[in-house]
Each structure stands twice: as C-alpha cells, then as structure tokens.
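Presented below is the structure to which this report refers.
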Amino acid sequence: MALPQDRLENALDDKKPTFSESEARAEAERCLYCADAPCIKACPTEIDIPTFIKKIASGNVRGSAKTIFDQNLLGYSCSRVCPVEELCVGDCVYTGWGRDPIPIGRLQRYATEKATKPEEKALFTPKARKDKKVALIGAGPASLACAGYLALEGVEAIIFEKRAVAGGLNTTGIAPYKLHAQDALHEVEWVQSFGVKIETGVEVGKDHLTGQKLLDAYDAVFIGVGLGEDTKLGVPGEDGPGVVGATAWIEEMKLHKKQGEKLGHVVVVGGGNTAIDVARECALLGAASVTMVYRRSAKEMSGYAHEMEGARVEGVQLVESAQPVGFVRSAQGELTAIRVARTEGGKNIPGTEYEIPCDLAAVAIGQSKLRALASEFPGVEVDARGCLKADPATGRTGNAKVFTGGDCVNGGKEVVNAVADGRNAARTLLAAWGF
Amino acid sequence: MADLSIDFCGIKSPNPFWLASAPPTNTGEQIMRAFDAGWGGAVWKTLGDPIVNVTSRFGAVDLGTYKMMGLNNIELITDRPLEVNLREIREVKRRYPKHVIIASLMTETKEDWRVLIQKCEDAGADGLELNFGCPHGMCERGMGSSVGQEPKLLAEITAWTKEFAKTPVLVKLTPNTGDIVEAGLAAVAGGGDGISLINTVKSIVGVDLDRMVPLPRVGNASTNGGYCGPAVKPIALHLLAALAREEGIKIPISGIGGISNWRDAAEFIALGSTSVQVCTAVMHYGYRIVEDMIEGLSNFLDEKGMKSVNELRGKAVGNYQEWGDLDLGYKLIAKIDAEKCIGCQLCVTACHDGAHQCIFTGNEEKTRPPHAHAHGKATPPTPFPIGKIAGPRVPWVDEPECVGCNLCQLVCPVSGCITMQEVPGGAADTWNARVREGRNKVPGGIHD
Ligand SMILES: Cc1cc2nc3c(=O)[nH]c(=O)nc-3n(C[C@H](O)[C@H](O)[C@H](O)COP(=O)(O)OP(=O)(O)OC[C@H]3O[C@@H](n4cnc5c(N)ncnc54)[C@H](O)[C@@H]3O)c2cc1C
Ligand SMILES: Cc1cc2nc3c(=O)[nH]c(=O)nc-3n(C[C@H](O)[C@H](O)[C@H](O)COP(=O)(O)O)c2cc1C
Ligand code: SF4
Ligand code: SF4
Ligand code: SF4
C-alpha cells in the first residue's frame, strides 16, 4: 500500500541515518569480536553480533545480513527501533569500560538495508511448498516474523489484519525519527516476497471470521494481536475534541495528518515510553510548548532514562508528582486547560489543584488488553493482567493448535521481543512437523 | 636537552633524521620545506638517466581503520632531467649549508658512474648513496636489487665508485637476499664508507578481484613492486641487527624501513643505526612528523640519562643472541588484573584455540585437556575474582599449565590488564650448553 509522501511524520528526519560504507567499516573494525560475547546475550533474539559485525568489516555485507536474519527476520526494523542502550549496546564491553560502545543497531541497519535493496539479488529462496498451512492474526512484528520463517520453509502462511495497513505498531506507532511508516511497509513487502499472504481489513472475531473457522481450515493458528485502545483517565471533560489517546494520535500523525499542520500547547499524561515518544514528536514538530505530567517522581518513570534525556534536550518540560483531575473547556467545548493535583506516593494531595493551559492533551497511561480474542479459541487462557498465557520458549497455549506471542502475551515490550516470540513459535511448528 | 647531532662517516648532521630517497625528496623545493620542518638530512630521489613512470604507481595494505600499514610502489628512479636536479642540489646546499644532502645514484657502466658522481659532488652533495636495492623495473635492466643480490657485483661496482668519489659512499642494500651479512661484507670489501638498509621488499600488494588484475593497476596489468611502511619494520630491524653484530662490519649504518615516530627511530638506533631514514610515514603524514621525532627522542634520552644520541647507538645489539644461548630456565606466567578486565574473553579463545588451553571462566573446577603437563583438575583462584567492570566474566589462568607464551597479553585490548610475571623457573641452562655437554636428547623423538 503506497502512502502519500506529504504525511506529517515525514517532516521528521532519521535521528540515526544509515552509515556510509566507510563509517560502517570503521565502526565494525572497532568491535573486539568478543568470545561468549555479552552483547549477544543482551539481544532478545540472540543475534550473533560479533559475527555479523566482522562480516561488515570484511566487506561481506550479504553474509552479515544473513547472520542477522537467521535469528531475527525483522532485523531491519529492529536495527532502527530497538532501545539498544538498554539491550545489546548497553552490555557491549566498551560500555563497561567507559568508552564509546559499538553502534550495533546502526551497523545492523547498514547490513540489512544494503542487503535487501531491490537491486540486490534475493537473499533467501523459499523452499518448495509443503502441505501445511498456518493462519496468523494481526500483521505486527510477532506474526510477520512467524509467518516469514514458516514461508521460507514452504509452509503456507496467511495473516489476517484488522487495520487497512500491515506492520502493526512498526507502521502505526514507532516514532518517525526512528522509523517511518513507508520503511516499515517495505519490510512487510520483503516478508511477503517469501510467499506470506496478508489480508488487511479483516478483524478476527468480528467480520464473520471466527476462531473456530480458522481452527477448522488451518493446521495451526498464531495470535499476534498486540494491545488494544489507549486507556482513558476517566476524569470529567475527557470526552471531546482536544483530548486524544497517545497511540491513536501517533497513528493519525504517521498515516493521515498532512504536513503544515501546526501544534499549539501540548500536555502529555504519563511516564512511560509512549508518553515520552508523543512528547518528543510534538516538540520536534514545533509545538508551542510540551509538558509531561507524571504522577510520581522522575526516577520512578517506566520510560527509558536515555529517552527522557533526549526529550529534555528537545524542550519537553516535566511536571513530576502531579495527576489530572479534569479537563477545562470553553463555552464552545474547546479544550483550554488540564486540571492537575499534586500527588504524594501517587495519591492526590487535596487543595493542590491547578490548571495547565493547553490545546491538545495526549493520554499515554497504557493500552487495553484484547482478552476477548482468547474466548474464540478453546483452551487459550488469559492471566490476571489480561495477557494471553503462553510458554515463552515455544509460544504454545492451552490449545495444541494455537500459538501466540508479542505484546498480547508480554503486556507490551519491544519489537524485538515480539520477533523472538514469533520466531520461536515458527521453530516449534517446523520442528513438530519435521521440516 | 640531549645532543642529537651525529657524525656519519665524516658527514655531520644536526640530527639523525633523514628523508629516504623517494617522492619526499623529489625536488629542491620539497627538501627545503623538510629542512624548515626539522629534518637533518635528505637522500635525494635516485638520480641517473631519467626514466618514464606508469600510472598508477602505489598500492597499500590497510589494517582495519589504519590506512597504509604497508605501502607498495612500482615507481622508478627520478623522471626529471639530471641538470634540473643538480641545479636544485646546488641551491639547497647554498641555502642550507648545515643540512645533509646525499645523492642517491643508479646507473650502469663505469664511465656513467664516474660522470654521475663527479656532477653530484660538483653540485655540493655531502655524500653518495648507491641504490642497489630497487626491486622493480630497474633490476630487470640490470640495476638496483639485481646488483644488491650479487655480492661480487656489489663489491665491484662499489669499488668503481670509490675510485671516483671524494665524498663518503653509502651502499643501500636490498632485503631481497638470502644472506644480508654477505651483502654487507661485500659493501665493506668494495670500500664502502657506510651502509643504508633496507630498500623495499619485493611484493604484490593485492589483487583487484573484479578485473583479476594485481595492484596497483596499470590498465589491465600490473607488476611486482616494493613494500615498505610500518609492516616492514620488523624485517628491517632484523637485517640491521644482523649487520650491527657482525665483526667484519665496522662502517656506520643508516637504518630504514617502517620508521614512523621517535620510538621506531630509537629502536633502530639501539640496534646499531647511526642515522635513520623515513619515506612512507612522510608520504602519509608529511614532513611535520619530524617535530615529534626530535622532541620524543630527546625526551627519551634525557629520561634515560643519556647526554647524546651516540650513547644509545648499539645498546641493544649485544642482547640480540642466538636462540641456543637463551635461558631455558627462565619462566613467566600470565596474570590477569580483575580490576582492569572488561570481560571480552578474547584471551580465553586465544589460549584455547591458539596456545596452551589454560585460561578458563566460571567459578568451578575445570577438566584439563588430555595433553596437559599438570595433573588433576584446574582449580579457580580463591577468592574468585569479581571484576569492577567485568564482574564474574573475568577469566583466570591455570598457572601450572601456563607456558608464558604472551599470546593472551597480545590479544587483550586493555593495556596493562594482562601482565607476564616472572616466577621461579629452573636453574639457568641453554640449548647450546646442553649440546656441548651431551644433554640435548629430548625423549619422544623420531627414534624413540
Ligand atoms: C507509541 C509506541 C512506540 C513504541 N516504540 C517502540 C520502539 O521505539 N522500539 C521498540 O522496540 N518497540 C516500541 N514499541 C513497542 C512495539 O511497537 C511493540 O512491542 C511491538 O509492535 C509488538 O508487536 P506485536 O506484533 O506483538 O503487536 P502489534 O505491533 O501491536 O501488532 C498487532 C497487530 O494486530 C492487529 N490486530 C489486533 N487485533 C486483531 C484482530 N482481532 N484481527 C486482526 N488483526 C488484529 C493490530 O491491528 C496490529 O496491526 C512502541 C509501542 C508504542 C505503542
Ligand atoms: C614511492 C617510492 C619510491 C621510492 N623510490 C626510491 C628510490 O628512487 N631510490 C631508493 O633508493 N629508494 C626508493 N624507495 C625506497 C625508500 O627509500 C625506503 O628505502 C623504503 O621505502 C623503506 O622506508 P619506509 O618504510 O620508511 O618507507 C622508494 C620508496 C617508495 C615508497
Ligand atoms: S560486546 Fe561490543 S566489542 Fe564485544 S563483540 Fe559485542 S559489540 Fe563487539
Ligand atoms: S596523490 Fe596527487 S598525484 Fe597522486 S593521484 Fe592523488 S592527486 Fe594525483
Ligand atoms: S583479554 Fe583482557 S580484558 Fe579480555 S577477558 Fe581477557 S583479561 Fe579480560
């Protein structure tokens, strides 16, 4: 699906552009080629990092990409969206040594981007068709990885996606300065080139496609539906123009809003990575001001410190220990301010309420769980948090034919975790079938 | 500040740093800039009948991100008319009377040598260097290394030049020979006043794998060239030391080959050089590198309490010995500093795959390989080292099994993290002593 170029997200450039060949080689040469390398252990998909890096150094970029894709089929998007400071790069021996660590993500981008260019010879040839077919629900990273690995082994893989676009949050949610929607869709097309089919606009559980129909027609089903709608605050004045769910707004900004749209004074509610993302995006898009409101102290934020640091540099203000109690609207119903109370230990302190004027408030306090889907499949259970239950190593659920992984299982981690889950489910199936 | 001036068989130079005969000494204009930068002398780009050069001419070996670890060239001697070069020599000597100009020469017949030498000396050259080293192009015409490889010819041509020369004659040797001492003795026999070495090592620097043509490429073909730069330094040091400790060679030596900084220069001088010559490092970074060479060498001499660079000369020659005279009783083992270790475990892999299987990780007993010399299991140290940086990833050395080879220390990226420590070994002993005393039978030989 081709997206228009003048989308608002395209006003933001890559923060970490692709390395040139000489940059990549120079950085690759610095890698020590550690034995039993700690960076590998810190990667949820356990990519053989020293090996792929040394292949860049020798000029074997194709082999480098193969090393990456063997463990992580979405190694391209991961290279751009992974919070490497918390993962591989965080554990690079140079980090502990107090020196600049190896930019593993950017090297991974260099290799995967270069080796999958349309003018390059295809990196993989899918094996001959086998008589097995798998249905996958949701076209996010978890399902794409699972379907891709299956298709390469000759298994028929078809993904049903409720949205009009595939890619999951890679397309609709990632901050544009990391990955633009069009690049996420290129990766989806690359996976489709292995024979993976994607039907968009089909919601399993609705649209007459029940779980039972899938169980009847396919040898196995993989559930990779991610998370649901943004959670609401449940305070007066929330419903109406100007108050938006964070992921809903990001999706609009990435896919539908046009360049030239101006942002006024923005308040973001929340302290997680989605909150920081939306705040940084607004600040970089030229908002008159961006204020984050978080109910506990900065130290307790679940968002990454390096992301918050970046947000501060870009001009985002943080109001700690405060919590919304309502939204203030004009006679015409327009949003004029958010009313907050100071908090202690997350609880409001009476009599401390005040208003922060704003014309846009983005609520980023979490997303709902899509627990209803579990009831479509007998035996598939949901835990107390509303997440689907699965064995992390194999993706197996309580139903022998049903596998699952990604955000709908872990409650919302990273793309790379979703890829690891999808890959593990594919490996379990392939092993069970003897392929 | 220590005195850096030298006297090279009568040629006085403000310091031991000379430019080798090569592109940095192509013209008078360049050499004057080099003298302004601090170089003490220059060996002019080899003179003779002008030649025609090809394009391209150079190729290099990069080591990781370090460019030009080794340089290869297929350039010939000067391509400029002799008269122009002589005019410039005259001009440089007029403006820089205290700096050294040596004319490098290459020609064929005795008469040619006579005329060339006379012209150069008339122009004011302080000395002459006979280029018996060039290993490409010129040697196929019966000059350069084809002379350096034939001791008889080398001695004969050197003797011709001595008939005509009033200034000192330096013989520049090629490393492309089986026995450098033979060549050195031939230079002495011919009456040479000094020796320069090394010229470049015969080489093919690489292959263009798309065109299937060796490098550097000239159209669709190439030829062997001469290799120099940091990569050749160890070869040059050995050849230098072999001459320096030879009884029959008393004439001064100008050391060349891969010298890039004062430390390299100091090593050459310690192994017997009186002056040192530099080409590649200047082609890479320019004349300006001499500033650090002068400063670094004099700081070093001051630190060691040496008043003059002459005190350094030859200091390490006596300690260059035959293998058979090395002490078999001397023992070192590797020690890892847990505080400095970053946990890369390169030492573990290197020791296991490339040495003696005696570095381990993890706080449990390890089974030694079946060929181990020490008996029983290898036990981790107590307390088990927990590093400041690497935590429990710090490896440990099975000391009874360590043969002290240095490999782990060589691969460790953290300087000072692995040190080789002296431990009590056996009584002093050498292989040569064992041979003399008939103790040289090691069990497990071909006839056991
Ligand atoms: C704003 C935001 C920013 C993020 N930034 C990063 C980042 O920088 N780096 C990072 O690594 N991770 C980031 N994440 C997390 C990451 O995007 C997710 O962990 C990852 O996308 C999870 O993949 P998934 O396949 O499990 O689910 P998703 O990517 O959510 O995909 C699920 C798909 O299933 C579809 N679906 C749902 N229900 C149905 C149904 N019933 N029928 C058919 N289709 C259905 C959805 O439309 C969606 O396309 C971010 C998340 C958010 C919200
Ligand atoms: C491009 C080039 C041309 C050279 N030309 C000559 C030459 O004409 N005469 C000569 O005696 N040596 C010549 N040499 C050899 C150098 O003088 C020197 O012996 C050799 O490069 C080793 O020193 P280095 O490692 O410092 O470069 C040349 C070297 C190079 C790289
Ligand atoms: S830890 Fe760092 S240096 Fe070591 S292999 Fe990994 S990326 Fe390379
Ligand atoms: S170094 Fe100078 S002469 Fe040589 S190719 Fe480059 S520009 Fe030309
Ligand atoms: S090579 Fe050095 S830094 Fe690396 S593990 Fe061994 S001792 Fe530690």
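The values are calculated or read from the model by the stated rules, or taken from the named source; none is laboratory data. Remember, it's a predicted structure, so these values are computed and weren't measured experimentally. Ideal geometry is used to build each Cβ from the backbone, glycine not excepted, and the neighbour counts take in all protein chains shown. Note: areas computed on protein heavy atoms with side chains; ligands, DNA, RNA excluded. Shrake-Rupley method; radii C 1.70, N 1.55, O 1.52, S 1.80 Å.
Of all beta bridges that DSSP places with both ends in chain B, some 50 percent have antiparallel geometry. If you take all other residues with their beta carbon under 13 Å from the beta carbon of B:R141, and give Lys and Arg +1 and Asp and Glu -1, the sum is -4. Dimensions of region B:293-424 along the principal axes, based on C-alpha atoms and rounded to the nearest Å, stand at 56, 39, 24, largest first. For A:K121, the lysines whose Cα falls under 23 Å of its own Cα, not counting residues fewer than eight places away in the same chain, are A:K54, A:K55, A:K66, A:K197.
Please report, as a whole percent, how much of the solvent-accessible surface of region A:243-363 comes from carbon and sulfur atoms (probe radius 1.4 Å). Can you show the working numbers first?
Details: 2620 of 5370 Å².
It is 49 percent, rounded to a whole number.
Qualifying GluC sites (Glu not before Pro) in region A:284-328, where qualification requires a DSSP coil assignment and no more than 16 other C-beta atoms within 10 Å, comprise A:E314. For region A:16-115, the alpha-carbon coordinates run over 31, 26, 26 Å along the three principal axes, in decreasing order. All Cα-Cα distances of region B:234-351, cut into 10 Å bins from zero to the largest, leave 11, 31, 26, 26, 6, 0 percent in each bin in turn. With no solvent and one point per C-alpha, what does the Debye sum give as log10 I(q)/I(0) for the protein assembly as shown at q = 0.08, 0.09 Å⁻¹? The calculated log intensity ratios at q = 0.08, 0.09 Å⁻¹ are -0.92, -1.01. Paramagnetic label reach from A:R62 (point 7 Å along Cα→Cβ; backbone nitrogen cut-off under 14 Å): within region A:89-117, residues A:114-117.
Rg then Dmax, both in Å and based on the Cα atoms of region A:243-363: 14.0, 43. Per residue, the convex hull around the alpha carbon atoms of chain A comes to 155 Å³. Contact residues in region B:338-380 (at least 10 Å² less accessible area with all protein chains than alone, 1.4 Å probe): B:I342, B:C344, B:Q345, B:L346, B:T349.
For region B:324-437, averaging the sequence separation of C-alpha pairs within contact (under 8 Å, six or more residues apart) and dividing by the residue count gives a relative contact order of 47 percent.
In loop segments of region B:221-292 as defined by DSSP, the GluC sites (Glu not before Pro) with at most 14 further C-beta atoms inside 10 Å of their C-beta are B:E247. Each label point was placed 7 Å from the Cα along the Cα-to-Cβ direction; for A:W433 and B:T379 their separation is 5.5 nm. Taking all protein chains together, B:F164, B:F58 sort by accessible area into B:F58, B:F164, largest first [probe 1.4 Å].
Spread over its residues, the convex hull of the C-alpha atoms of chain B is 201 Å³ per residue. Students often get this wrong: which residues of region A:135-174 have the backbone nitrogen under 17 Å from the point 7 angstrom along Cα-to-C-beta of A:K401? Under 17 Å, as judged by backbone N against the label point of A:K401, lie A:135-137, A:156-160 of region A:135-174. Dipole magnitude for region A:1-152: about 680 debye, using +1 per Lys or Arg Cβ and -1 per Asp or Glu Cβ, origin at the Cα centre. Taking Lys and Arg as +1 and Asp and Glu as -1, the other residues whose beta-carbon sits under 10 Å from that of A:H306 total -4. Can you give the net charge of the other residues whose Cβ lies under 14 Å from the Cβ of B:V232, counting K and R as +1 and D and E as -1? Neighbourhood net charge equals 0.
Taking springs between alpha-carbon atoms closer than 10 angstrom, which of A:A220, A:A393, A:A420 fluctuates most in the Gaussian network model of chain A? Maximum among the listed residues: A:A393.
Taken about its Cα centre, region B:324-437 carries a charge dipole of about 240 debye when Lys and Arg each add +1 at the Cβ and Asp and Glu each add -1 at the Cβ. In the complete set of protein chains, residue-level accessible area for B:M69 is approximately 40 Å², probe 1.4 angstrom.
For the protein assembly as shown, the Cβ-based charge dipole about the Cα centre amounts to some 420 debye (Lys, Arg positive; Asp, Glu negative; other atoms uncharged). Most simply put, the protein assembly as shown has about 40% antiparallel DSSP beta bridges, counting only bridges with both residues inside it. Projecting the Cα atoms of B:L240, B:C344, B:V276 onto the dipole axis of the protein assembly as shown, where Lys and Arg carry +1 and Asp and Glu carry -1 at the beta carbon, places B:C344 farthest toward the positive end.
Tilt of helix B:28-37 relative to the longest C-alpha principal axis of chain B, in degrees (0 to 90, nearest 10)? Around 50 degrees separate the two axes.
Return a whole-number percent for the relative contact order of chain A, with Cα pairs under 8 Å and 6 or more residues apart as the contact set. About 17 percent, as a whole number. Close amide H partners of B:S273, meaning residues 5 or more places away or on another chain with modelled amide H under 5 Å apart, are B:G314. Annotation: for a label point projected 7 angstrom from Cα along Cα→Cβ of A:Q332, residues of region A:359-397 with backbone N closer than 16 Å are A:359-360. Computed over region A:243-363, relative contact order equals 29 percent, with contacts defined as Cα pairs under 8 Å that lie 6+ residues apart.
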